[in-house]
1. Return yes or no: is Glu326 over 27 Å from the mean Cα position of the chain (by Cα), more than 22 Å from Glu174 (Cα to Cα), touching a residue at least 12 places away in the same chain (Cβ under 8 Å) and in a helix (DSSP H, G or I)?
2. Note down all Cβ pairs under 7 Å where the first residue falls in the stretch 285-308 and is closer than 19 Å to Arg319 by Cα and in contact (Cβ under 8 Å) with a residue 40 or more places away in the chain, the second is in a helix (DSSP H, G or I) and of a type in the set (Lys, Arg), and they're at least six residues apart or on different chains.
3. Considering only the stretch 265-280, I want to know if a residue exists there that is at negative phi, of a type in the set (S, T, N, Q), touching an Asp or Glu at 6+ places or on another chain (Cβ under 8 Å) and in contact (Cβ under 8 Å) with a residue 12 or more places away in the chain.
4. Need pairs with beta-carbon distance below 6 Å; first residue under 19 Å from Asp93 (Cα atoms) and within the stretch 162-181, second part of a loop (DSSP other than H, G, I, E, B); sequence gap 6+ or separate chains.
5. If I ask for residues that are under 23 Å from Leu205 (Cα atoms), part of a helix (DSSP H, G or I) and β-branched (Val, Ile, Thr), which ones from the stretch 268-322 would you list?
6. Pick from Gly121, Gly69, Gly53, Gly113: which is under 21 Å from the mean Cα position of the chain (by Cα) and surrounded by fewer than 22 Cβ atoms within 10 Å (Cβ to Cβ)?
7. When the residues of the stretch 52-74 are narrowed to those that are outside any loop (DSSP other than H, G, I, E, B) and of a type in the set (D, E, K, R), which ends up farthest from Val26 (Cα to Cα)?
8. If you go through the stretch 174-192 one residue at a time, do you hit one that is under 23 Å from Leu249 (Cβ atoms) and surrounded by fewer than 18 Cβ atoms within 10 Å (Cβ to Cβ)?
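The values are calculated or read from the model by the stated rules, or taken from the named source; none is laboratory data. Note that this is a predicted model, so its numbers are computed, not measured. Cβ placement follows ideal geometry from the backbone for every residue including glycine, while neighbour counts extend to all protein chains displayed.
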Amino acid sequence: MGISRIGQVLTAREILQLVEKDMRRVEEVMRLESIASVDAITAINRHIQDSGGKRLRPTLVLLSTQLFGPLNEQSVQMAAIVEMIHTATLVHDDVIDAAETRRGKPSTNALWGNQTSVLAGDWLYMQAFQCAVRARNFRVLDLLIGLTQIMVEGELIQLERIGRIEITEADYMELIDRKTASLFGTCARLGAMAGGASESDEAKLGEFAWNLGIAFQLVDDMLDFTSRETVLGKPVGNDLREGKVTLPLVYALQRATPAERELVATVLREREYKTVSFDQIIGLLKRYQGIERGKERAESFTERARTLISTFPDSAYQRALHSVTELVTGRDH
């Protein structure tokens, strides 16, 4: 396979080489399953799929299967299903957040409007479950139904907290568990199941991916403050503009003065950087090490993920999963 090994680290290119042939099969399944009898839904699905993305979630499914056995059709189907569910959540998130861009391109709601986009997201959810039903596996359905309920509850919890400054670290962690980490964990468990893993190995791999998902979201929320719009594919500082207080700010607010807290409260009220500039918020984060503390928290979860994946037998796929933790922590978008 031509995969080099430096310690336990594989590069992003080497990981891609492991899954690129199988990912093409996943993409083809998604393309076929995204054809609807209503042209607008098909067009929206094509727009989203052509916008790219990291495809990290289906990659987790494919690598997890091959940690235990050869790739099979069930794994390909599961990879397509989780990406379709993830895509449906993105469509709904953009409507809720009134987002104008996604991955550097116009969002679906900006092009087709909120009503059509919501219905297209609903259709994609149902299509994903229709694909899952074909597997005739109740454990698969149990995992996916439970996951979807958790993710919807997470979105509702987030809506309840929009604009609130008194968000605690526990509040934040509960939210990213529901919105991100649970999906990562389910991806690994579905892949392990397709590969014939024991229930204990499936659960352990799910825990690995759950920790990876927490770290992924922590890094994502830090990049919202530290990256550039051209790299991130969406405006920087967008979370706070949308009324969301993420972990870097939670940490900074713990130490901030009343006047400094009022800076954040002003942005939350106005939903823009007008009275208070983005640079003032960045200054607050630097003053109280919000970003640095967030990085330390992310590293604690990536370290837990590394420990878990290291307990599995050495193989190219085990090394790839180990290396994904490094890529998640070190990414810039």
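1. no
2. What qualifies is Leu308/Lys204.
3. no
4. Matching pairs, first to second residue: Ile162/Gly243; Gly163/Gly243.
5. Thr302, Thr307, Ile309
6. Values: Gly121 fails: surrounded by fewer than 22 Cβ atoms within 10 Å (Cβ to Cβ); Gly69 fails: under 21 Å from the mean Cα position of the chain (by Cα); Gly113 fails: under 21 Å from the mean Cα position of the chain (by Cα).
Answer to the check: Gly53.
7. Our first condition is that a residue be outside any loop (DSSP other than H, G, I, E, B); within the stretch 52-74, this holds for 56-66, 73-74.
Still in the running and of a type in the set (D, E, K, R): 57, 73.
Numbers: Arg57: 12, Glu73: 10 Å.
Here the answer is Arg57.
8. yes
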